[in-house]
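All remarks here apply to the structure that follows.
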Amino acid sequence: MEKPIYPTMTMRITQGYGIGSHRNSFAIDEAGANTGIESLRAPFTGIIKKIYTADANEIWLESIDKVEYPDGTIDYMTVLFAHDNDVSNLYVGKKINRGELFYQEGTKGNVTGAHCHIECARGKFTGSGWYKNSAGYWSIINGKAPEDCLFIDDSIKIINRNGYNFKKIETPKPTVTTKPVVKEEKIKDNKKLIFTCIKKGIYAIELNKGDKLYLE
Ligand SMILES: [Zn+2]
């Protein structure tokens with residue numbers, strides 16, 4: 001099951017949720033590594049459910065399957081992205097794979113400085129996707145704090161996490177090769193046959209200090 005990944009390789013949150021134009025919402029602004037335009041990847045494998053070009057080129061990406069939330073909740077997730085200057089490569093119904101770069105920071109809509117406005121929500125795309133909240137801002141339906149939805153990993157460089165603690169995806173541990181069980185057999189010169197290869201391939205074995213290998 002997919003764990004939604006934070007969409008930029010560099011985290012630099014320039015505006016958190018609950019303040020300014022993010023009042024009464026869980027919206028964040030992500031500005032990436034620098035003032036330039038950075039691409040964003042899909043947090044999960046999803047389908048584009050809506051594109052709204054009349055404002056900030058908002059798109060809603062809904063997960064194809066249920067995903068795992070950092071607290072262990074299993075449910076669908078929908079994420080709203082805004083400000084890409086050009087979404088002509090996207091269309092409703094388009095499938096985007098997890099990790100695929102599909103959206104960009106930009107300045108479309110009433111903003112200064114290239115960034116991406118991101119809002120996460122629990123569940124599937126609902127109604128028109130958003131509602132006008134009590135502070136007068138359009139906000140995703142069923143919004144949820146980004147750190148309660150998205151994971152980070154060691155590849156993400158964090159410049160500013162705005163005080164939010166994102167759960168880290170564990171790096172998979174390397175598989176330990178088990179010591180092969182071999183039948184010892186005495187051969188000439190007091191050497192012991194330890195292994196007879198039955199199939200061409202690359203083999204790895206674990207050795208203890210002092211072990212000796214003989215190959216014929
Ligand atoms: Zn914003």
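Regarding region 48-57, can at least one residue be identified that is within 12 Å of the ligand (Cβ to nearest atom), buried (at least 20 other Cβ atoms within 10 Å of the Cβ) and under 13 Å from Ile140 (Cα atoms)?
no
Can you tell me which of Lys168, Lys212, Lys200 is surrounded by 11 or more Cβ atoms within 10 Å (Cβ to Cβ), at pLDDT 70 or above, farther than 18 Å from Ser25 by Cβ and of a type in the set (D, E, K, R)?
Matching residue, one of Lys168, Lys212, Lys200: Lys168.
Can you tell me which residue in region 112-124 is nearest to the ligand (Cβ to nearest atom), limited to those that are touching a Leu at 6+ places or on another chain (Cβ under 9 Å) and of a type outside the set (Asp, Glu)?
His117
Check off (1) within 16 Å of the ligand (Cβ to nearest atom); (2) closer than 12 Å to Pro4 by Cβ for Trp60 and give me the number that stays unchecked.
Result: Trp60 passes all but (2).
Do the conditions hold for Thr14, that is, is it at pLDDT 95 or above, of a type in the set (Ser, Thr, Tyr), surrounded by fewer than 17 Cβ atoms within 10 Å (Cβ to Cβ) and within 14 Å of the ligand (Cβ to nearest atom)?
Answer is yes for this residue.
Has region 101-111 got at least one residue that is more than 16 Å from the ligand (Cβ to nearest atom) and in contact with a strand residue (DSSP E or B) (Cβ under 8 Å, 6 or more places away or on another chain)?
Scanning region 101-111 turns up at least one residue that is more than 16 Å from the ligand (Cβ to nearest atom) and in contact with a strand residue (DSSP E or B) (Cβ under 8 Å, 6 or more places away or on another chain).
Say whether the condition of being aliphatic (A, V, I, L, M), more than 16 Å from the chain's Cα centre (by Cα) and within 21 Å of Pro70 (Cα to Cα) is met by at least one residue in region 141-152.
yes
What are the residues in region 17-47 that are within 12 Å of Cys116 (Cα to Cα) and within 11 Å of the ligand (Cβ to nearest atom), if any?
Listed by number, the residues that qualify are Ala27, Ile28, Asp29, Glu30, Ala31.
Out of all the residues in region 94-113, which are over 15 Å from Ser63 (Cβ atoms) and either of a type in the set (Ser, Thr, Tyr) or modelled with pLDDT of 95 or more (or both)?
Within region 94-113, Leu101, Tyr103, Gln104, Glu105, Gly106, Thr107, Lys108, Thr112 qualify.
Being surrounded by fewer than 17 Cβ atoms within 10 Å (Cβ to Cβ) and without any contact (Cβ under 8 Å) to a residue 24 or more places away in the chain narrows it down to one residue among Asn85, Asn97, Asn24, Asn34; which is it? Spell out the reasoning first.
Working: Asn85 fails: without any contact (Cβ under 8 Å) to a residue 24 or more places away in the chain; Asn97 fails: without any contact (Cβ under 8 Å) to a residue 24 or more places away in the chain; Asn24 fails: without any contact (Cβ under 8 Å) to a residue 24 or more places away in the chain.
From the options Asn85, Asn97, Asn24, Asn34, the qualifying one is Asn34.
Considering only residues that are surrounded by fewer than 20 Cβ atoms within 10 Å (Cβ to Cβ) and β-branched (Val, Ile, Thr), which ones fall in region 58-82?
Within region 58-82, Ile64, Thr73, Ile74 meet the criteria.
The values are calculated or read from the model by the stated rules, or taken from the named source; none is laboratory data. Fair warning: this is a prediction, and the values are worked out from it, not measured in the lab. Quick reminder, even Gly has a Cβ in these numbers, built from the backbone with ideal geometry, and neighbours come from all protein chains shown.
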